[in-house]
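S.K.: My questions will all concern the structure given below.
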Amino acid sequence: MIKPMQTAQSEMTLDKLLAEMNAVVTGLEGSPVFRRRLLEVGFVEGSQVRFLMATPFGDPLVFSLRGASIALRKSEARCVKVRL
Amino acid sequence: MPCGKAKRVALKFGYDGSIVSETHPAMPLLALIGSANSGKTTLFNALTGSHYDTVNYPGATVEYAMGASRYLPEFPCQVMDTPGLTSLVPSSPDEKVTVDALFKKEQQPDVVVAVADANQLSRHLYLVKQLQELGFPLVLVVTMKDLLHRKNLRVDEARLSELMDCPVIAMDPRKPDVLPKLSEVLQTLHAGSKNRVRPSIAEYESFASHLDEVRISGLFATLDQVEKLVVRPVQTDAAHPAPPLKPVAGIGADRILLHPFWGLLIFIASMSFIFTAIFWMALPLMNGIDFLFGHLVEGTKHVLPDSWFTDLFADGILGGIGAVAVFIPQIAILFLSMGYLEDSGYLARGAALVDRPLSKIGLNGKSFVPLLSGYACAIPAMMAARTIPNRFERKVTLFIIPLMSCSARLPVYALLLAFLTPKDKPWLGGLAMTGLYVMGLVLGAIVSTIISRFSRMKREASGFMLELPALRGPVLRVVVVSAWHKSAQYIKKAGPAIVVISLGLWILTHTPVPSKTDPNVSGEYVTISNSYAASMGHFIEPITRPMGLDWRGGVALICGFAAREVFVGSLALVYRVQEAQDDAGLSGKLLSRMHDLRFEDNGELIFTPSTCVGLLVFFMIALQCLSTVAVARKEMGSWKPALIQLTLFTGVAYVLTVMVVQGLRMLGVA
């Protein structure tokens, strides 16, 4: 059985990942337009995602997802809920 | 760079084959459809041998590459390349045009080759599933399997074909025997689907409305299973376990390209390189063309009998063609360098890099490519803005594109700066030129900041989301062919207008034809000062006088509204530059003539430093290109913003010019 404390710690949003961290998508939030675009790019529940690096001005961030490198603004990454 | 190598081999194969057929309207239409960076264009070049035309869709200004298939022996057809799609439910206007076309009767493809990258199969199969669901007969081509192989993985074609219920061909472009196989498969597919019911718009609309979040997630769940079943390790027996996966190619390079310091340095260096190339590499070529046409005009006049028609042909037509031809080097260099950056995958990184600063002024990283194209020509730049999904950001981008100094302004800048620059300090001209280009960008930033602060237009939430394609060495041939097509397209569009205007202007300045017997109206100068153009110029002189120009300058300025570059040619015409005794090209003659042109009433010099600085300001800001206004109307969806753009930029330009000219004169600058 998973302790509540552990769940709270490992649940976060994509923009909070540190470089080279892997995570699994657990859901999406935010506006329907954002959610739809994120889904169609492949951010569906259960997908493996890895934070690669930030761009020189700190935003957007670059992620590895389903074999592709995808740049997302922090505001978009915040819509993706992940678990470590 | 495995992709680059693969591409080259594919093209080489293309050369070896024989020409199967030329473009023919009765041939079936094959559409290549796939996600961005799936290798569609590589396949397109392999199929057509890089022989293609760019065509417009009916009712749309988006250009498509279309060519006859040369290397499909069993299946002669027309092949169409389309812009990359993520989904059949479009999220930006450029995607919308592609999707719309799939359901338009006249352009609906007979067969579809769906292209998917083996390395991101689940993402790319998402679009394939959608196409299948709507009933397009398709062959799935899986590309870049060589890249996958490097990760010690392979695609099980038979299994994938079974699971996706369609023919599958994995393309390793190093093996040229794949195209005959593709051709057979296509022939069978086409023969079997001749009597099928074509997908209708109604079906599409119902499909799109049912594609909700649950269905998308469901589709991906299925595709994850498919990927798991078909992407297998190359060695499967227990004695030879697959080695651990290597990291995805290109990430190492991205650590440098997107590094806070090196990344910025590389970005600035590559942008500087492009603009340096436009200024300095094009210069000798431009001088050559200018010189050539100068002599061509002279020669024609020498050979043909001295008459009104000879002058019309030499000055009006040849001079007009020369005015177009002189820009070709710059435009070609810009398209070449942009094509190079695009094909290597760098442009997407550039867009990601500038997204943050651009978002601060109401734009988007995706405005980067349109704005950069704006330095060549506002028209293709405005079309490139269709890739911006956010409506507000797209409108602001469209609004400020004309402030980027397009190549048509370059000859005007060049002439005026050559006039202003002291002979012993030629570097000052280059510096001032750079300043003018940067000023365009700065003005654009100011305007977009003002709009985004004060506009009451409804705004959707802004995002960026862009796939960074795998970095690879660009294939020179593909880049050159594409730059050639783009330059030719530009010349075809802008060229005739410029020639016609130049001709019309010549006629206006040379009619009414003076009677030979009248002793008072002999000589070119008298002809022009009695012409219709002169009456026009005199009419607007109250407006041009504060700018420091007489009626002749006013005529040239009016002509410049057809296209800015016409200004230089018009100056040459109205100020009778042919009379100058100078063995230089047309603009060389014009320059020497400008030094002693005087107002007719008070005998003061027309082209003084203050007038020239004023003109620079005017050309930097004014929207003097009616073709741009027409495209802006189309892209912004109504006349109102396009006319606001026209009057605002031109009005501000005029007021600033008058202020600069009069201000400089008050300060004692002649």
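S.K.: Using a Förster distance of 41 angstrom, determine the FRET efficiency expected from the C-beta separation of B:GLU184 and B:GLU213, and round it to 0.05. Working shown, then result.
M.R.: Numbers: r = 40 Å, r/R0 = 0.98.
Once rounded, the FRET efficiency stands at 0.55.
S.K.: Taking +1 at the Cβ of each Lys and Arg and -1 at the Cβ of each Asp and Glu, which of B:ILE321, B:SER592, A:LEU84 sits farthest along the dipole of the protein assembly as shown towards its positive end, judged by Cα position relative to the Cα centre?
M.R.: The residue sitting most towards the positive pole is A:LEU84.
S.K.: In debye to the nearest 20, how big a dipole does the protein assembly as shown give about its Cα centre with +1 on each Lys and Arg Cβ and -1 on each Asp and Glu Cβ? The partial results should precede the final answer.
M.R.: On the way: 72 positive and 62 negative charges, 417 e Å.
Using only the charged Cβ atoms, the result is roughly 2000 debye.
S.K.: Run the quick spin-label model on B:ASN602 and B:HIS259: label points 7 Å from Cα toward the beta carbon, then report their separation in nm to one decimal.
M.R.: With each label point 7 Å from Cα toward Cβ, the separation is 6.1 nm.
S.K.: Now for a separate question. To the nearest 0.05, how large is the calculated FRET efficiency for B:ALA670 and B:HIS51 if R₀ is 60 Å and r is the Cβ-Cβ distance? Write down the numbers at each step before the final one.
M.R.: Numbers: r = 58 Å, r/R0 = 0.96.
For B:ALA670 and B:HIS51, the calculated efficiency is 0.55.
S.K.: On to the next question. For chain B, what does the convex hull of the Cα positions come to per residue, in cubic angstrom?
M.R.: On the way: hull volume 128.0 nm³, N = 670.
Roughly 191 Å³ of hull volume per residue.
S.K.: What full-extension length gain, to one decimal in nm, is calculated for B:HIS149 and B:LYS492 as 0.36 nm per residue of separation minus the Cα-Cα distance?
M.R.: Residue separation times 0.36 nm, minus the Cα-Cα distance, leaves 119.0 nm.
S.K.: Further question on the same structure: Over what distance in Å are the Cα centres of segment B:620-670 and segment B:441-488 separated?
M.R.: So the separation of the two Cα centres works out to 23 Å.
S.K.: Using a cut-off of 9 Å between beta-carbons, work out the net charge of the residues near B:ALA408 (Lys and Arg +1, Asp and Glu -1, B:ALA408 not included). Could the numbers behind the result be given before it?
M.R.: Values: positive: B:ARG409, B:ARG564; negative: B:GLU565.
Overall, the nearby charge balance is +1.
S.K.: I've got another one for you. Considering only DSSP states other than H, G, I, E and B, which GluC sites (Glu not before Pro) in segment B:586-670 qualify as loop sites with at most 14 other Cβ atoms within 10 Å?
M.R.: Values: sites: B:GLU600, B:GLU604, B:GLU635; in loops: B:GLU600, B:GLU604.
Loop-located and lightly packed - B:GLU600, B:GLU604.
S.K.: I'd like the distance between the alpha-carbon centres of segment B:352-372 and segment B:394-424, rounded to an integer number of Å.
M.R.: Result: 21 Å between the Cα centres.
S.K.: Further question: Are there any GluC sites (Glu not before Pro) in segment B:142-235 that are in a DSSP loop and have at most 10 other Cβ atoms within 10 Å? List them by number. Show your work: numbers first, answer last.
M.R.: Numbers: sites: B:GLU157, B:GLU162, B:GLU184, B:GLU203, B:GLU205, B:GLU213, B:GLU227; in loops: none.
Passing both the DSSP loop test and the Cβ count: no residue.
S.K.: Would you mind checking the pairs B:LYS40/B:LYS493; B:LYS366/B:LYS395; B:LYS104/B:LYS194; B:LYS395/B:LYS492 and listing those with alpha carbons more than 23 angstrom apart?
M.R.: Working: B:LYS40/B:LYS493 27 Å; B:LYS366/B:LYS395 12 Å; B:LYS104/B:LYS194 17 Å; B:LYS395/B:LYS492 27 Å.
Result: B:LYS40/B:LYS493; B:LYS395/B:LYS492 exceed 23 Å.
S.K.: Further, regarding this structure: Just subtract the alpha-carbon distance of B:HIS538 and B:TRP308 from 0.36 nm times their residue separation and send over the number in nm, one decimal. All intermediate terms of the calculation are to be shown ahead of the outcome.
M.R.: Values: separation 230, 0.36 × 230 = 82.80 nm, distance 2.41 nm.
Contour length minus the Cα-Cα distance gives 80.4 nm.
S.K.: Among the trypsin sites (Lys or Arg not before Pro) in segment B:357-438, which ones are in a DSSP loop with at most 16 other Cβ atoms within 10 Å of the Cβ? Mind listing them?
M.R.: Numbers: sites: B:LYS360, B:LYS366, B:ARG386, B:ARG391, B:ARG394, B:LYS395, B:ARG409, B:LYS423; in loops: B:LYS423.
Answer by residue number: B:LYS423.
S.K.: Give, in nm to one decimal, the length gained when the segment between B:LEU296 and B:VAL234 is fully stretched (0.36 nm per residue of separation minus the Cα-Cα distance).
M.R.: Working: separation 62, 0.36 × 62 = 22.32 nm, distance 6.62 nm.
Between B:LEU296 and B:VAL234, full extension yields 15.7 nm more.
S.K.: Beyond 53 Å, what share of the Cα-Cα pairs of the protein assembly as shown is found? Please give it as a whole percent.
M.R.: Working: 57367 of 283881 pairs.
Everything past 53 Å amounts to 20 percent.
S.K.: Now for a separate question. Could I have the simple spin-label model distance between B:ILE268 and B:LEU285, label points 7 Å from Cα toward Cβ, reported in nm to one decimal?
M.R.: So the two model labels end up 2.8 nm from each other.
S.K.: Need one number: nm distance between label points at A:VAL24 and B:LYS423, each 7 Å from Cα along Cα→Cβ, rounded to one decimal.
M.R.: The answer from the label model is 8.0 nm.
S.K.: Could I ask something else about it? What does the charge dipole of chain B about its Cα centre add up to, to the nearest 20 debye, if the Cβ of each Lys and Arg holds +1 and the Cβ of each Asp and Glu holds -1? Walk me through the numbers on the way to the answer.
M.R.: Numbers: 60 positive and 54 negative charges, 314 e Å.
That gives chain B a dipole magnitude of about 1500 debye.
S.K.: Residues with beta-carbon under 12 Å from that of B:ALA323, excluding B:ALA323: net charge, scoring Lys, Arg +1 and Asp, Glu -1?
M.R.: Value of the local net charge: -2.
S.K.: Related question: Let me have the 222 nm mean residue ellipticity of the protein assembly as shown computed from DSSP H runs of 4+ only, each contributing -39500 (n - 2.57), with the sum over all residues rounded to the nearest 500.
M.R.: When only DSSP H runs of four or more count, the value is -17000 deg cm²/dmol.
S.K.: What's the magnitude of the charge dipole for segment B:151-225 around its Cα centre, counting Lys and Arg as +1 and Asp and Glu as -1 at the beta-carbon? Answer in Debye, nearest 20.
M.R.: Details: 10 positive and 12 negative charges, 72 e Å.
Dipole about the Cα centre, nearest 20: 340 debye.
S.K.: Only bridges with both residues in the protein assembly as shown count here: give the DSSP antiparallel percent, nearest 5. List each step's numbers first, then the result.
M.R.: Details: 35 of 53 bridges.
Taking every DSSP beta bridge within the protein assembly as shown, about 65 percent pair in antiparallel fashion.
S.K.: Among residues other than B:ARG545 whose Cβ falls under 13 Å from its Cβ, what is the net charge (Lys/Arg +1, Asp/Glu -1)? Display every interim value, and only then the final one.
M.R.: Values: positive: B:ARG552, B:ARG665; negative: B:GLU541, B:ASP550, B:GLU600, B:ASP601, B:GLU604.
Combined, the nearby Lys, Arg, Asp and Glu give -3.
Read-outs: derived from the displayed coordinates by stated rules, not from any lab. Note that the structure is a prediction, hence the values are computed from the model and not measured. Reconstructed Cβ throughout: ideal geometry from the backbone, glycine too, with neighbour counts over all protein chains shown.
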